[in-house]
Amino acid sequence: DVLDLRENKWVGRHVTTIDTPPENLPSVHAGAGWVTIVRREFERELDLTRLTLVQRVVLAQQYGVFELLLAAYVELATRPEPLSDEEAAAVGCMTTVRIWRARENYYLRSRVEVDFSIQEAVELEFKEQLDSATRASAIQRVHISRNENVMEWLETALVEVARDCQLSDDNVWALGTETKLKLLRVREAVSSVTGSTV
């Protein structure tokens, strides 16, 4: 089961099903956000071994997907500790230098420009790589995340799908019927909390 990003086509079929009876709908209280509700609804599927940040960076580099690269680089740039020698070797010399420069630029520019963010610093340092990266939809990223068992990516992509995507027949085929049902329950739970239609 492979997602061919060059042609934006699905090759094969990947469906993960988890049986969640409707009566086990997550209990939602006021103030619960999309992430909390997705975590509850997809609890068993998200119960994966967490990859280290450096492992996620290396995997994002292998896939070359814009959204995964940007998130991994921003997280690496914002973590409190510097890269160890082993981590620097794993992500590569140029990535290590660019992360260091992004941190340095953020530190220097944020003192002068109040609205300058670490994400902007990362985007400037990795501009060439990010510009040439493939854009992947949230549904494509769910597929990648499931194939690679990356809980952090899967959670983020599921939240984005639940919040922003139309659940068309093609999307149901790509995600699986059980996933669609769970996403609809997430939307219903958010709607009941906010009192609006999602």
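The values are calculated or read from the model by the stated rules, or taken from the named source; none is laboratory data. Computed from a predicted structure; not experimentally measured. Positions of Cβ are backbone-derived with ideal geometry, glycine not excepted, and every protein chain shown enters the neighbour counts. The area values use the complete protein model at the heavy-atom level, side chains included, leaving out ligands, DNA and RNA. Shrake-Rupley method; radii C 1.70, N 1.55, O 1.52, S 1.80 Å.
Can you compute the modelled spin-label distance between L124 and L53, with each label point 7 Å from Cα toward Cβ, in nm?
2.1 nm
Evaluate E = 1/(1 + (r/R0)^6) for Q62 and S192, where r is the Cβ-Cβ distance and R0 equals 30 Å; express this FRET efficiency to the nearest 0.05. Walk me through the numbers on the way to the answer.
Numbers: r = 40 Å, r/R0 = 1.34.
Calculated transfer efficiency: 0.15.
What FRET efficiency would be calculated for the residue pair D131, E43, taking the C-beta separation as r and a Förster radius of 35 Å, to the nearest 0.05? Present the calculation step by step, with values, prior to reporting the outcome.
Details: r = 37 Å, r/R0 = 1.06.
According to the calculation, E is roughly 0.40.
In square angstrom, what is the accessible area per residue of region 88-198 with a 1.4 angstrom probe? Don't skip to the answer; put the middle values down first.
Numbers: 5840 Å² over 111 residues.
Accessible area per residue, region 88-198: 53 Å².
Give me the percent of the accessible area of region 114-178 that comes from carbon and sulfur atoms, probe 1.4 Å, all protein chains in place. Intermediate values should be presented prior to the final figure.
Details: 1300 of 3060 Å².
Looking at region 114-178 in its full context, I get 42 percent from C and S.
N149 versus C93, label points 7 Å from Cα toward the beta carbon: distance in nm?
The modelled label-to-label distance comes out at 3.4 nm.
Label points 7 Å out from Cα along the Cβ direction at R101 and V35: separation in nm?
According to this spin-label approximation, the distance is 3.0 nm.
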